[in-house]
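Working notes for the structure below.
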Amino acid sequence: MSDPKKLFIRTYGCQMNVYDSERMAEALGADGYEQTDSPDDADMILLNTCHIREKAAEKVYSELGRYKGLKADKPDLKIGVAGCVAQAEGEEIMRRQPMVDLVVGPQTYHRLPSMMEQVNQGEKALDTDFPEEDKFEHLPKRPLPQRNPTAFLTVQEGCDKFCAFCVVPYTRGVEVSRPVERILREANELVERGVREITLLGQNVNGYHGEGPDGDWSLAKLIWALNDVDGLERIRFTTSHPNDMDDALIEAHGECEKLMPYLHLPVQSGSDFILKRMNRSHTADSYLRLIERIRAARPDILISGDFIVGFPEESDADFQATMDLIREVKYGQAFSFKYSTRPGTPAAERAQVEDAVASQRLYQLQALITEQQRAVQDAMVGQEVGVLFEKPGRLDGQMVGKSDHLHAVYVQAPDVQKGDLRRVRITESGPNSLGGQLID
Ligand code: SAH
Ligand code: SF4
Ligand code: F3S
């Protein structure tokens, strides 16, 4: 038998891309490809790309440039581009980088094996359709090697919200929820392979409304069903939209034992004028009241968010309104970005904020967030938390895992195994992680 061919995948962008990369590796695995960590010994290089900001999209071309030499030395090397840049730019990618053999969008990667047949015959393959069929069902059944204790599971894809800055509705298409039965089957399969924590994914995951055995199910209902899966210890979900946070989901945060006390709830801005121009359909006040209700249900919940500064027409007063909102919420974590103009989106046509002004605002906002993040982390010292251990740390006998609130925790625990969930007392707070001691 000939040696297996080697596949190198590089993943950019959000967690949904991480999940998709795993599925693409499986689809190509059925075709005889085995994954490698190095592009140098690969027979196929696949970039799973992100189009969310200009910088993210441009990275793809610079990365492709780096592979020119490899392709010259090894003419049989296949190069593919998948994900949201593939969807948005399609053939343009092959025009700019003729060495690219294959371009596949996020909704058609179940067709990879037949595309590879074309590529192996020396042809180019391109598929950026939004097909009717369910890509997840067409993928080969997962092989069953053991897995790391944490896994992503995509339950919903696409977005109908059309925020004025965002490419996702164009690259991922309309909102689609996967049926309940398939999600539960996949969750059980993951648990059989050693997974103890599942993060449910969707661009608007809390807008989930999948076909269940007795009509449409909400995300809350799905979470309650997963709560009954033996061997599964923790449930998380991301990313949520403030408008889709219904009462049942808020209640689940208070009552569902396996649902972790962490919620990523992007607000983008604290100015009602900007929120309106962003087409966000919530106000700063409705967001703050929502956070209050969530905290009433689960007082220790850690709130995380996303912010855009320098959105077209953002004044100093608008920016200060964002800073005020942040002061009120007290975030445990947040991701913040300078507005990036995306061709084809409504905001691209509007008066842009000067780059130096946007940079200055981003700097101030990030300083405030860092301070809050640190305060939330420091307040964990002395508390008892659950930690799901994932891997050894750098020191001898040390293990690292994630707390219920998603903080990285380092513990001296030579007898603890990967996948163990243990109670830990937090004893120190460092710049980006916590230290603790096993309780039992
Ligand atoms: N569906 C999620 C996340 C979408 S993308 C949501 O609705 O929140 C992740 C984050 O990227 C967004 O929350 C936003 O903060 C940021 N983002 C999206 N488009 C952007 C753009 N054009 N410029 C800068 N940041 C952007
Ligand atoms: Fe983009 Fe808005 Fe949809 Fe989130 S809700 S994916 S920011 S359009
Ligand atoms: Fe990027 Fe596409 Fe995710 S644009 S953020 S990879 S949905």
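Quick notes on this structure:
- Exposed-loop-free span, longest in the chain, where GluC sites (Glu not before Pro) count as exposed if DSSP calls them loop and at most 15 other C-beta atoms lie within 10 Å: 134-256
- Charge dipole (Cα centre; +1 on Lys/Arg Cβ, -1 on Asp/Glu Cβ; no other charges) of segment 73-221 amounts to roughly 540 debye.
- Of the solvent-accessible surface of segment 384-438, computed with a 1.4 Å probe over protein heavy atoms with every protein chain present, carbon and sulfur atoms account for 44 percent.
- Nearest-10 value in Å² for the accessible area of MET399, using the 1.4 Å probe: 20 Å²
- With the simple spin-label model, which puts each label point 7 Å out from Cα in the Cβ direction, the PHE136 to ARG96 separation comes to 3.1 nm.
- Amide proton proximity set for THR427, modelled H, under 5 Å, gap of 5+: GLY382, GLY435, GLY436, GLN437
- Residues in segment 141-260 average 38 Å² of solvent-accessible surface per residue, probe 1.4 Å, ligands and nucleic acids excluded.
- Segment 98-256 shape via C-alpha gyration tensor axes, a/c threshold 1.5: oblate
- Cα gyration tensor shape for segment 291-439, rounded if a/c is under 1.5, else prolate or oblate: prolate
- The share of accessible area on segment 45-98 that comes from carbon and sulfur is 49 percent, using a 1.4 angstrom probe.
- Based on protein heavy atoms only, segment 5-127 ends up with 42 Å² per residue of surface accessible to a 1.4 Å probe.
- Taking every DSSP bridge with both residues inside the chain, close to 35 percent are antiparallel.
- Cysteines without a disulfide-compatible partner [the chain; Cβ-Cβ under 4.7 Å]: CYS14, CYS50, CYS84, CYS159, CYS256
- Which listed pairs, of LYS68/LYS124; LYS338/LYS391; LYS6/LYS74; LYS59/LYS276; LYS55/LYS124, have C-alpha distances above 24 Å, in listed order: LYS338/LYS391; LYS59/LYS276; LYS55/LYS124
- Proximal charge balance of HIS51 [Cβ under 13 Å; K/R count +1, D/E count -1]: +1
- 3J(HN,Hα) along segment 256-262, derived from phi through the Karplus expression 6.51 cos²θ - 1.76 cosθ + 1.60 where θ = phi - 60°, amounts to 7, 4, 8, 7, 7, x, 8 Hz, with x in place of Gly and Pro.
- Spacing of the two label points (7 Å from each Cα toward its C-beta) at ALA367 and ASP230, in nm: 5.6 nm
- Accessible surface of segment 141-260 [probe 1.4 Å, protein heavy atoms]: carbon and sulfur percent: 50 percent
- The HN-Hα couplings worked out from phi for segment 217-232 by the Karplus form 6.51 cos²θ - 1.76 cosθ + 1.60 (θ = phi - 60°) are 9, 8, 5, 4, 5, 5, 4, 4, 5, 5, 4, 8, 6, 4, x, 7 Hz, whole numbers, x standing for Gly and Pro.
- Label point distance in nm, ARG350-GLN437, each placed 7 Å from Cα along Cα→Cβ: 5.4 nm
- A 1.4 Å probe run over the protein chains yields, for segment 374-440, 53 Å² of accessible area per residue, whole-number rounding.
- Using R0 = 30 Å, the C-beta based FRET efficiency linking ASP216 and ASP285 works out to 0.50.
- In order along segment 161-168, phi translates into HN-Hα couplings of 8, 6, 4, 5, 9, 10, 8, 4 Hz, rounded to whole numbers, per the Karplus curve 6.51 cos²θ - 1.76 cosθ + 1.60 with θ = phi - 60° and x for Gly and Pro.
- Gyration tensor (alpha-carbon) shape descriptor, segment 1-116, a/c threshold 1.5: oblate
- Beta bridges by DSSP in segment 141-260, antiparallel share as percent, to the nearest 5: 35 percent
- Based on DSSP H segments of at least four residues, each scored -39500 (n - 2.57), the chain has a per-residue ellipticity at 222 nm of -10500 deg cm²/dmol.
- For LYS78, the residues whose amide H sits under 5 Å from its own are MET44, ILE45, ignoring neighbours fewer than 5 places away on the same chain, with H placed 1.01 Å from N.
The values are calculated or read from the model by the stated rules, or taken from the named source; none is laboratory data. Not measured: the values here are computed from a predicted model. Quick reminder, even Gly has a Cβ in these numbers, built from the backbone with ideal geometry, and neighbours come from all protein chains shown. Note: accessible area is taken over every heavy atom of the protein model, side chains too, but ligands, DNA and RNA are not part of it. Shrake-Rupley method; radii C 1.70, N 1.55, O 1.52, S 1.80 Å.
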